[in-house]
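Report on the structure given below.
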Amino acid sequence: MLILGIDPGSRLTGYGIIETLPNRYRYVSSGVLKIQADDFPQKLKQIFDGIFQLVEKYQPEHMAIEQVFMGKNADSALKLGQARGAAICAVQMRDIFVFEYAAREVKQAVVGKGSADKLQVQQMVKLLLNIQGDLQIDASDALGIAICHAHFYQTQQRLKTGIKK
């Protein structure tokens, strides 16, 4: 099964694609969509188009995306929510199942500690997926989200509870 992980952002949107295999994960692709538009509606269109192109190219079965974290800046949280919406709509064009995870859940699943920092997540992602060389932080976050979903999904399948395939 191919899983597309998304770390949404209005300037940088990270993506990562993994394949689940028995007892391991295989790295497929990752990167960052650099959003170049000046006005916000055009940024959302670039996110939508970029994610849709990834879906067309790789045809993932599931998409996992990070939930909005409400920090000190409400405007940033609203923009992040809109970026998430553009990404979710892009995968819904192909009826792909969408799953959402809190940042703490992702860190717990990847590092084993919900308060891990981004560099710890990046190092564990590289280790788990046997990635040599540099990996952009937004791409590693997206791969971490995909790994988190793979963990949860496989556990649910073992327990035979109702996550659809």
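Principal-axis analysis of the Cα atoms of the chain puts helix 118-129 at an angle of about 50° to the longest axis. Considering the range 4-81 at the alpha-carbon level, its Rg and Dmax are found to be 14.0, 45 Å. Label point of Gln92 set 7 angstrom out along Cα-Cβ; within the range 130-159, no amide nitrogen lies under 12 Å from it.
Counting other C-beta atoms within 10 Å, which of Cys148, Cys89 has the fewest, and how do the rest follow?
Numbers: Cys148 25, Cys89 15.
In order of increasing Cβ crowding within 10 Å: Cys89, Cys148.
Once Rh is set to the Kirkwood radius over Cα pairs, what Stokes-Einstein translational diffusion coefficient, in µm²/s, holds for the chain at a temperature of 4 °C and a viscosity of 1.567 mPa s? Translational diffusion coefficient: 82 µm²/s. Listed by Cβ neighbour count within 10 Å, with the fewest neighbours leading, Val121, Val98 appear as Val98, Val121.
With a cap of 11 neighbouring Cβ atoms within 10 Å, and only residues DSSP puts in a loop, list the trypsin sites (Lys or Arg not before Pro) found in the range 1-85.
Numbers: sites: Arg11, Arg24, Arg26, Lys34, Lys43, Lys45, Lys57, Lys72, Lys79, Arg84; in loops: Arg11, Lys72.
Here the trypsin sites (Lys or Arg not before Pro) that fit, given the DSSP loop and packing criteria, are Lys72.
Total lysine pairs in the chain at Cα distances under 16 Å, for residues eight or more apart or on different chains: 8. Between the helical axis of 74-92 and the longest alpha-carbon principal axis of the chain there is an angle of about 70 degrees.
Treat the count of other C-beta atoms within 10 Å as a stand-in for reagent exposure and order Tyr15, Tyr101 from fewest to most. Please list the in-between numbers first.
Numbers: Tyr15 27, Tyr101 21.
With the sparsest Cβ surroundings first, the list reads Tyr101, Tyr15.
Look at where the Cα atoms of the range 93-130 and of the range 62-87 average out, and the two centres are 16 Å apart. What angle, in degrees between 0 and 90 and rounded to the nearest 10, separates the Cα long axis of helix 137-159 from the longest principal axis of the Cα atoms of the chain? Tilt of helix 137-159: around 50 degrees.
Values in this text are rule-based calculations from the coordinates and carry no lab data. Predicted model, so just to flag it, every value in this text is computed and none were measured. All Cβ positions, even for glycine, are placed from backbone atoms using ideal geometry, and neighbour counts span all protein chains on display.
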